[in-house]
Structures are given as C-alpha cells and as structure tokens.
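Undergrad: Can you read through this structure? Questions will come right after.
What follows is calculated from the coordinates using simple rules that are stated; it is not laboratory data. Quantities reported herein were computed from a predicted structural model and do not represent experimental measurements. Here the Cβ positions follow ideal geometry from the backbone for every residue, glycine too, while neighbour counts run over all protein chains shown.
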Amino acid sequence: MKLDSNRAWKDASRSISRNRDTSLAIAGVFFLLPQLALALFFPQPEPTAGMSEQQILELAQTYYLSTLPAMIPLILAQALGTLGLLCLLRHAASPTVGEALRLGAAGLATYLAAQIVVALAVGVVGGLILSLLALSGAAALAVAGLFLIVLLTIAIAVRVSLSGAVVAIEGERNPIRALRRSWALTADHGWRLFGFYALFLLAFFVILTIVSVILGIPLQMMASSRTVELATALISSGLNALMALYLVGIVGAVHGQLAGRTAEEEQRPFE
C-alpha cells in the first residue's frame with residue numbers, strides 16, 4: 001500500500017477535531033504543563049560573547065545535567081500523554097480521558113523499553129563509527145562521522161516512529177516486537193514518511209517563529225522582563241504542545257493507513 005500523506009493529514013485533523021476537548025485536555029496536562037515548568041524553573045543559559053566552543057559545550061553539559069531530575073518525569077509524562085492520545089484518537093468508541101490514559105498506562109513500560117532499545121542501538125553504532133574515524137586523526141572524517149550518525153538516527157527514528165501506535169492501538173506488549181512491527185509497516189515508505197514529518201515540523205517551526213516575533217516585540221516594549229519571560233514560555237509551550245498533539249495524530253493516522261485497520265478493528269484492540 002502506498003502511503004497517502006494528504007489523506008493521513010486529513011484523517012489526523014478530523015480525529016483531533018472530533019475529540020477536541022479531550023485531546024486538548026491531555027495535551028495540556030502532559031505536554032504543555034511539563035514544558036512550561038521546565039522553561040520557567042530551568043531556563044536555558046545564554047552563551048556570553050567571547051565564549052569558546054569548549055566553554056559553550058561545558059555550559060550546555062552543566063545545564064542538561066542540572067535538568068536531569070526534571071527531565072525524567074517530563075519524559076514519563078510525555079510518553080503517557082502520547083499513548084493516551086493514540087488510544088483516544090484511534091478508538092471509534094471515543095473513550096473518556098480516564099479510559100484512554102488507563103489504556104496508555106498499560107503500555108507505558110513497553111513503549112519506554114522500546115525507546116531505550118533504540119537509543120542504545122544508535123549509541124553503540126554511533127560510538128563505533130566515531131571510534132573508527134577517530135583513529136585516522138583527520139578532523140574532516142570526524143565531522144563526516146557526526147553527519148553520518150545524524151542521518152542514521154533520523155532514518156531509524158522514521159522507521160520506528162509507529163512503535164507507539166503499535167503499543168497503544170494494537171496492544172503489543174513486547175518492545176522488540178513493537179519495533180519490528182513498526183519497521184515492517186514503514187518498509188518502502190521511509191522517504192515519504194521522512195518528507196511528511198519534515199514538512200510538518202518545518203511548518204510548525206515557521207508558525208512558532210512568526211508568532212514569537214509578532215507577540216514578542218509588543219511585549220518587550222510594553223511589559224517588564226519577567227512578564228516577557230512568562231509570556232514567551234507560555235506561548236512556546238502552548239505551540240509545542242499543539243505540535244505534539246498533531247504529530248501524535250499523524251502517527252496514529254499513518255499507522256491506521258499502513259496497517260489497514262478498520263474503525264471496528266481499532267475499537268477492539270485489547271479484546
């Protein structure tokens with residue numbers, strides 16, 4: 001079956017519109033609030049003029065280490081929100097928020113285990129590539145190796161992007177089988193999926209930039225620095241939560257299209 005990205009977008013938009021209140025509630029609790037808390041309590045430090053690349057790297061390392069205690073619950077919240085939304089949007093029976101979250105929680109460990117497996121695989125392969133290229137001592141080869149790792153990470157991410165849908169919608173509870181199922185579903189669709197995801201993310205990045213500029217300039221002229229900081233964090237978190245909501249909707253729609261599941265089948269995945 002050939003992936004129809006236009007159909008997937010319309011399907012995702014319809015499912016979100018049909019469950020607007022409940023899907024916005026889940027996105028607000030599990031995407032917007034954690035990101036807003038992170039932005040307010042752990043603001044990213046700004047590099048100062050004259051800092052070397054090493055100093056910038058050390059600044060970033062210190063920041064991410066300091067945010068680790070907050071990142072763990074944030075990742076858990078977003079994972080549960082993702083699975084809950086997939087259950088909510090792909091069930092013809094339109095479950096309540098509580099029912100969708102309970103179904104999502106049942107697959108949370110599987111989903112996280114699958115992500116850890118992917119991260120470890122990419123880390124091991126990437127480490128081997130960098131180690132081999134470092135032996136040459138050529139800086140150009142090291143840069144090429146980093147570029148290759150980025151491409152490899154993107155390719156794998158696209159191929160396993162349906163693993164969450166496999167867990168939430170199909171009820172798969174084995175992380176390896178969930179990854180293999182996603183890999184099989186996305187076979188022969190990698191480039192089309194990559195283009196679809198990339199265009200979607202680019203569109204939201206443009207929207208975020210435009211909204212930030214339009215609202216940011218008047219705020220900076222009329223409000224205090226603290227108000228500007230709060231407003232900027234709220235706008236950014238809100239748009240990122242909306243992006244996450246539609247991205248989850250797209251993943252669910254793509255899975256439904258490639259898996260060839262009917263509405264009746266999606267209504268009974270856990271029976």
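Undergrad: Which order do the peptides 203-214, 148-159 take when ranked by the mean count of other beta-carbon atoms within 10 Å per residue, highest first?
TA: On the way: 203-214: 12.3, 148-159: 15.2.
With the highest mean Cβ count within 10 Å placed first, the list reads 148-159, 203-214.
Undergrad: How large is the helix-only mean residue ellipticity at 222 nm for the chain, computed as the sum of -39500 (n - 2.57) over DSSP H runs with n ≥ 4, divided by its residue count, in deg cm²/dmol to the nearest 500? Please report the intermediate quantities before stating the final value.
TA: Values: 12 runs with 218 residues, N = 271.
Calculated from helices alone, the mean residue ellipticity at 222 nm is -27500 deg cm²/dmol.
Undergrad: Given the alpha-carbon gyration tensor of segment 1-98, what are the semi-axes of its equivalent ellipsoid in whole angstrom, ordered largest first, with each equal to the square root of 5 times an eigenvalue? If you can, show how the numbers build up before the last one.
TA: Numbers: eigenvalues 273, 64, 25 Å².
Semi-axes, largest first: 37, 18, 11 Å.
Undergrad: Just order 121-128, 77-84, 13-20 by mean Cβ neighbour count inside 10 Å, highest at the front, would you? Spell out each step's value before the answer.
TA: Working: 121-128: 13.0, 77-84: 22.9, 13-20: 15.6.
Descending mean neighbour count gives 77-84, 13-20, 121-128.
Undergrad: Within a 10 angstrom radius of the beta carbon, how do ASP11, ASP21, ASP188 rank from fewest other beta carbons to most? Can you show the working numbers first?
TA: Numbers: ASP11 20, ASP21 7, ASP188 11.
Result, fewest neighbours first: ASP21, ASP188, ASP11.
Undergrad: log₁₀ I(q)/I(0) of the chain at q = 0.11 Å⁻¹, via Debye over equal Cα point scatterers, no solvent, to two decimals?
TA: -0.73
Undergrad: Then there is this: Charges only on Cβ, +1 for Lys and Arg, -1 for Asp and Glu: so what's the dipole of the chain about the Cα centre, in debye to the nearest 20? Display every interim value, and only then the final one.
TA: Working: 17 positive and 15 negative charges, 113 e Å.
Roughly 540 debye, rounded to the nearest 20.
Undergrad: Across 5 Å bins from the origin, how do the percents of Cα pairs in segment 79-198 run, short distances first?
TA: Result, from short to long distances: 2, 12, 17, 16, 17, 13, 9, 6, 4, 2, 1, 0 percent.
Undergrad: Show me the ranking of peptides 95-103, 56-64 by mean Cβ neighbours inside 10 Å, starting with the highest.
TA: Working: 95-103: 16.7, 56-64: 12.3.
Highest mean packing first, the order is 95-103, 56-64.
Undergrad: Pick out the long, greasy-scoring helices in the chain: whole DSSP H runs spanning 18 Å or more along their own axis by Cα, mean Kyte-Doolittle at least 0.5. Don't jump to the answer; show the numbers that get you there.
TA: Working: long enough: 5-18 (19 Å, -1.46); 53-89 (45 Å, 1.09); 108-134 (38 Å, 2.22); 139-159 (30 Å, 2.53); 190-222 (48 Å, 1.94); 225-259 (50 Å, 1.15).
In the chain, the long hydrophobic H runs are 53-89, 108-134, 139-159, 190-222, 225-259.
Undergrad: Using the 10 angstrom Cβ neighbour count as an exposure proxy, how do THR110, THR227 rank, fewest first? Display every interim value, and only then the final one.
TA: Working: THR110 23, THR227 12.
With the sparsest Cβ surroundings first, the list reads THR227, THR110.
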